[in-house]
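Heads up: the structure comes next, in structure tokens.
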Amino acid sequence: LYLIYMKKILLVIPSIKFWWWAEWAIIELANKLMDEWFDVTLMTFYDFPGDEYVFTGNRISLHEWVSQGNFSRLLKLFFRAWKIHVYTKNTSISTIISFMEDANFPLLLSKSLFRLKQKCIISIRHSLSDYVGSIYEKWIRLFYPSADMIVVLTAHEKEYLHKNYLIDFRKITIIHNSIDRERAHMRASEILPWMIKHDTTFVFVTIGRLTG
């Protein structure tokens, strides 16, 4: 009976490589959703066996090779958009949530090309000003206005999206990064090479994002 009423959600991210912050955040989100009886599927583009966060739910990987260059990015953009469409067209998925630009772009392209009926939510995990002058800046201007909701980490990024890309404030939601104190304490106790070299054990740790 539970399975009939469980809402199905697709999460999309390039990888769940260990120690990367966005990857940790999406695993936390997936686990919380499953705890609340959501039916969660995780789609990744890359595999890093032995170097990934543990995810025990349903996972789909596209098994891509890591590559660079605008031509490669363009090919992957359309391939990923098609794969998202293929997976969702015969399912009862109600919402698709993507993390990071390399997942956000194909989701929104798929939404436009294949008229996805699902609610599409994108999460921006990087400073948008770093993309000025790149192909990503053009793709942000082209794709991001079509998102149903955009999640950013700071008020600065919300203002930047509205001012530079004319995206409606009502579409943009701020959700700050959570703080994993246990993880921070664990990292703070590590003995690093430079500590041995300089004969010191003093470590100053900051937690959070140092932007507005």
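A short reminder: the numbers here are calculations on the coordinates, not readings from a lab. This one's a predicted model, so the numbers in the text were calculated from it and none came from an experiment. We place every Cβ from the backbone using ideal geometry, glycine too, and count neighbours over all the protein chains shown.
When the stretch 38-138 is described by a simple charge dipole with +1 on each Lys and Arg Cβ and -1 on each Asp and Glu Cβ, the residue from TYR46, GLN68, LEU108 located farthest towards its positive end is LEU108. Among DSSP beta bridges lying fully in the chain, give the percent that are antiparallel, nearest 5. Just about 5 percent of them are antiparallel. As a rough guide to protection, the peptides 140-153, 44-57 ranked by mean Cβ packing within 10 Å, highest first, stand as 140-153, 44-57. Here's the picture: a label point sits 7 Å out from the Cα of ASN177 along the beta-carbon direction, and within the stretch 125-161 the residues with their amide nitrogen under 15 Å of it are 125-128, 152-157. Note on the chain: with charges restricted to the Cβ of Lys and Arg (+1) and Asp and Glu (-1), its dipole about the Cα centre is near 860 debye.
With contacts taken as Cα pairs under 8 Å and at least 6 residues apart, the stretch 1-117 reaches a relative contact order of 32 percent. Cα-based radius of gyration for the stretch 67-135, normalised by 2.2 N^0.38 Å, reads 1.16. Mean sequence separation of contacting Cα pairs (under 8 Å, at least six apart), scaled by the length of the chain, corresponds to a relative contact order of 15 percent. Taking a sphere under 13 Å around the Cβ of LYS7 and counting the other residues whose Cβ falls inside, with K and R at +1 and D and E at -1, yields a net charge of 0.
With distances taken between every two different alpha-carbon atoms, the stretch 95-161 has a Kirkwood hydrodynamic radius of 12.1 Å.
Over all other residues within a Cβ to Cβ distance under 15 Å of ARG183, the charged ones net out to -3, with Lys and Arg as +1 and Asp and Glu as -1. Its alpha carbons give the stretch 57-176 an Rg and a Dmax of 14.3, 39 Å.
About its Cα centre, the stretch 28-151 has a charge dipole of approximately 680 debye under the convention of +1 per Lys or Arg Cβ and -1 per Asp or Glu Cβ, with nothing else charged.
Can you tell me the relative contact order of the stretch 56-152? Whole percent, Cα pairs under 8 Å, sequence separation 6 or more.
Averaging sequence separation for qualifying contacts and normalising by length gives 27 percent for the stretch 56-152.
Cα-Cα pairs above 18 Å in the stretch 30-93: how many percent?
49 percent
Lysines near LYS119 by alpha-carbon distance under 25 Å, same-chain residues fewer than 8 away left out - which ones? Filter leaves LYS7, LYS8, LYS32, LYS76, LYS83, LYS89, LYS111, LYS138, LYS158, LYS163, LYS171.
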